Amino acid sequence: MRPRLSSQALLACTALLVSCGSATTSSSSAGTGTTSSRDPLTFTPSSLPVGYVGEAYKVDIGVTGGAGPYGIRLVSGTLPPGVGLQSRQVSGTPTKTGTYTFTLEASDANLSSKAQAYTVNVNELPPLSLKPQLPPGGDLRGETRVPLNITAPRAVRAARVVWELPEGVAVTRIQLADAGGVLFWKQVGKTLTLDLGFKAVPRSGARVALIALKPQKAVTLDTTKLAVEARNGEGQLLTDAIKPAPQKTETPKAEAPKAAAPAVSAAQAAGAGSAAPASMTQTPASTQAPPASSTPATSGTPPTNTTAPAAPGGKP
């Protein structure tokens, strides 16, 4: 005869089984999304960016999977001249253009290993530039924030941008973007002057500022009337200096021609030296006209009476 379990014993066994199942499920869920020591090693990033001659280059190499700590070494190929592998970082300053292919190998505490091939293209450094990223077609119809992007920043720490805007376009606000730092700006007439200072050298392609523009009417923006001046931390120019705008000068008014002096004959010129001034010339007494006399004249025609004689009878 089999022994029969009491109801209390059955309940206890059921609770034990449920708790074991829950623990198993919980453990399985906890492992979801985590890296196991049995996962294969993986490199990040899978490709490397372009480098430029004379510009600092730095890329951190990451490894996931397996069990740390990890080690990375160069197993084949050649890194660009001036660039090396330091611990888990490819860094340096390229000195020569070209295409360079090399292979890195990562290993972990489980003695697992993984190789990853990389290619780095090194180009000549393009000219440093700061240019607005215009809307499609350059059309500006309402208030718009225009990004100001930097290319090939080199060792830039300060920059000035002078931009002649279309008539009727007002700058309402300018704020820093990805690069950080400080800025000062002013608008005089159509000309915007923007001064930027960077705490660190921004990356190539970074947005350094956002310029809010508000037109009175639809206009087309033009970047050909934009000038840039950049300097490094020592104040040395990295670009051409901005030429000051030519000062407008007023054309002097033409004076009316002066009247020509009357011609003087040779004889007059010769006698002019001996002639006395008119104010100092005296007329001889014998040639002076006699003063007018108040005595009536005794000879000559008697004065004519202009009164008509009276007619007989008193009538004229």
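The values are calculated or read from the model by the stated rules, or taken from the named source; none is laboratory data. Worth saying up front: this structure is predicted, and the values here are computed from it rather than measured. Don't worry about glycine lacking a Cβ; one is built from the backbone with ideal geometry, like all the others, and counts go over all protein chains shown.
Observations on the structure shown:
- Strands (runs of 3 or more DSSP E) (entirely within the stretch 117-176) containing at least 1 residues that are small (Gly, Ala, Ser) and more than 30 Å from Thr44 (Cβ to Cβ): 129-132, 156-164, 169-176
- Those residues of the stretch 121-144 which are within 30 Å of Gln236 (Cα to Cα) and not charged (D, E, K, R), in sequence order: Asn121, Val122, Asn123, Leu125, Pro126, Pro127, Leu128, Ser129, Leu130, Pro132, Gln133, Leu134
- For the stretch 53-102, the set of residues classified as exposed (fewer than 14 other Cβ atoms within 10 Å of the Cβ), of a type outside the set (Gly, Ala, Ser) and part of a strand (DSSP E or B) consists of Lys58, Asp60, Arg73, Val75, Gln86, Gln89, Thr99, Thr101, listed by residue number.
- Glu124 of a type in the set (Asp, Glu) and either over 24 Å from Lys225 (Cα atoms) or touching a Cys at 6+ places or on another chain (Cβ under 6 Å) (or both): yes
- Gly205 being surrounded by fewer than 15 Cβ atoms within 10 Å (Cβ to Cβ) and of a type outside the set (Ser, Thr, Tyr): yes
- Note on the stretch 92-103: residues that are at pLDDT below 95 and either under 30 Å from Asp39 (Cα atoms) or touching a Cys at 6+ places or on another chain (Cβ under 7 Å) (or both) amount to 0.
- Flag for Leu128 being surrounded by 18 or more Cβ atoms within 10 Å (Cβ to Cβ) and over 31 Å from the mean Cα position of the chain (by Cα): no
- Some residue of the stretch 168-179 being more than 22 Å from Ser204 (Cβ to Cβ), modelled with pLDDT of 95 or more and over 17 Å from the mean Cα position of the chain (by Cα): yes
- Of all residues making up the stretch 103-116, the number that are surrounded by fewer than 16 Cβ atoms within 10 Å (Cβ to Cβ) and either among the charged types (D, E, K, R) or assigned to a strand (DSSP E or B) (or both): 3
- Out of Arg145, Arg141, Arg154, sole residue that is over 14 Å from the mean Cα position of the chain (by Cα), at pLDDT 95 or above and basic (Lys, Arg): Arg145
- Each residue in the stretch 35-48 was checked for being at pLDDT 85 or above and surrounded by 12 or more Cβ atoms within 10 Å (Cβ to Cβ), and 5 of them qualify.
- Given (1) touching a residue at least 24 places away in the same chain (Cβ under 8 Å); (2) assigned by TED's automatic domain parsing to the domain that holds Val201; (3) surrounded by fewer than 16 Cβ atoms within 10 Å (Cβ to Cβ), index of the condition Leu140 fails: (3)
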